[in-house]
Amino acid sequence: MSTDRAICFVIMPFSKTTEEHTEEYWTSQFETYLKPLIEENPNLEARRSEPLRGDILSEIITALVVSPVVVADLTDRNPNVYWELGVRQSFKHCTVTIAEDGTELPFDLSVKGTLFYCPKDHLKNAKFCRAFKEAVSDCLTHPDRPDSQVLETISGRGTLFEILRSDEAIRRLD
């Protein structure tokens, strides 16, 4: 584990989500597919939460807020993955969403650019790998490029934050 590489935190299920996607599947998906793909970029170290000592939820939230890059696998619509994605999108840009081909995304995520992988189709998967590595690298080279609807809505000119701040200023003047 190198300390000079940035962390790419991966949000994904741990336990069985379908008959095909077992705990072993998800462990393998991270260890033999996503981690090596992410770490082809020599500036990144891929991690996912580990049930170690202490408060795992605090560890996950910290990783979601401080990691320069986060990858979220939306396959099987796992509630924990969606919750963690919501936490991330509330604090930071540079989140890449992925899902297995055929995954139906809910409305509020359908507008986000999600990359679809196809483990059973080599050509489609090669296209995914290229696009995925490009998206992850883009997060490092353009960390302020917007990809969070939450942050775009609550910060900057003409946004919810500015409206609330203006309302508060008017209230104080009154």
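Among LEU64, LEU173, LEU109, the order of accessible area from largest down is LEU173, LEU109, LEU64, computed with a 1.4 Å probe on protein heavy atoms.
Here the simple spin-label model places points 7 Å from the Cα toward Cβ, and for THR18 and ARG130 these points are separated by 2.7 nm.
Suppose accessible area is computed on protein heavy atoms with a 1.4 Å probe; arrange GLU39, GLU23 from highest to lowest.
Working: GLU39 50, GLU23 105 Å².
Ranked from most to least accessible, the order is GLU23, GLU39.
Extension gain, LEU57 to ASP174, is 37.9 nm, computed as 0.36 nm per intervening residue step minus the present C-alpha separation.
The charge dipole of the range 1-149, taken about the Cα centre with unit charges on the Cβ atoms of Lys, Arg (+1) and Asp, Glu (-1), comes to about 320 debye, rounded to the nearest 20.
With all protein chains in place and a 1.4 Å probe, the accessible surface of the range 9-49 carries 50 percent carbon and sulfur.
Straight-distance candidates among the lysines for linking to LYS124, with alpha-carbon spacing under 16 Å and chain neighbours fewer than 8 residues away dropped: LYS133. Rolling a 1.4 Å probe across the protein heavy atoms gives the chain an accessible surface of 61 Å² per residue. Partner lysines whose Cα lies under 24 Å from the Cα of LYS127, excluding those fewer than 8 positions away in the same chain, are identified as LYS35, LYS112. For the pair VAL66 and CYS118 in one chain, pulling the backbone fully straight at 0.36 nm per residue adds 15.7 nm over the alpha carbon distance. Modelled spin labels at LEU105 and VAL150, positioned 7 Å past Cα toward Cβ, are 1.6 nm from each other. Can you give the accessible area of HIS142, probe radius 1.4 Å, in Å² rounded to 10? Counting only protein heavy atoms, the figure is 80 Å². Nonpolar atom fraction for the range 57-113, defined as the carbon and sulfur part of the 1.4 Å probe accessible area, stands at 60 percent. Working note: Cα gyration tensor of the range 1-50, eigenvalues times five, square-rooted, sorted largest first, giving semi-axes of 24, 10, 7 Å. Calculation over all alpha carbon pairs of the range 39-117 in 10 angstrom steps from 0 returns a P(r) of 16, 49, 31, 4 percent.
With pairing defined as another cysteine C-beta under 4.7 Å, the cysteines of the chain that fail it are CYS8, CYS118, CYS129.
Checking a compactness column here: for the chain, what do you get for Rg(Cα) / (2.2 N^0.38 Å), N being the number of residues?
Working: Rg = 17.8 Å, N = 174, 2.2 N^0.38 = 15.6 Å.
Normalised Cα radius of gyration, the chain: 1.14.
The values are calculated or read from the model by the stated rules, or taken from the named source; none is laboratory data. All values derive from a computational prediction rather than experimental measurement. Positions of Cβ are backbone-derived with ideal geometry, glycine not excepted, and every protein chain shown enters the neighbour counts. With ligands, DNA and RNA removed, areas are computed over all heavy atoms of the protein, side chains included. Shrake-Rupley method; radii C 1.70, N 1.55, O 1.52, S 1.80 Å.
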